[in-house]
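What follows is a single structure, written as structure tokens, with notes after it.
The values are calculated or read from the model by the stated rules, or taken from the named source; none is laboratory data. Computed from a predicted structure; not experimentally measured. Because the Cβ atoms are built from the backbone with ideal geometry, glycine has one as well, and the counts that use them run over all protein chains shown.
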């Protein structure tokens, strides 16, 4: 990396760091004094916060059956359309 490229990269990083420290009055002015004094919310384990995911084997079987039924309906419809057009 040339020194000119390194200097440009360093200048970009410094500019981004300065922008990250900027005060955003639209956001900060919306905080009420009561909200500023409020305690942080209690953290809970992810397992209790999110519902468990369904078993992938069961989901894939159900999806496969649904797609097979849809395929059969579409093939029947295509056969009916082909028979009526002849």
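What to note about this one:
- Residue in segment 23-34 that is at pLDDT 90 or above, assigned to a loop (DSSP other than H, G, I, E, B) and surrounded by fewer than 10 Cβ atoms within 10 Å (Cβ to Cβ) present: no
- Qualifying residue in segment 38-49 (condition: more than 28 Å from the chain's Cα centre (by Cα), exposed (fewer than 10 other Cβ atoms within 10 Å of the Cβ) and in a helix (DSSP H, G or I)): no
- Selection status of residue 18, exposed (fewer than 10 other Cβ atoms within 10 Å of the Cβ), outside any loop (DSSP other than H, G, I, E, B) and within 29 Å of the chain's Cα centre (by Cα): yes
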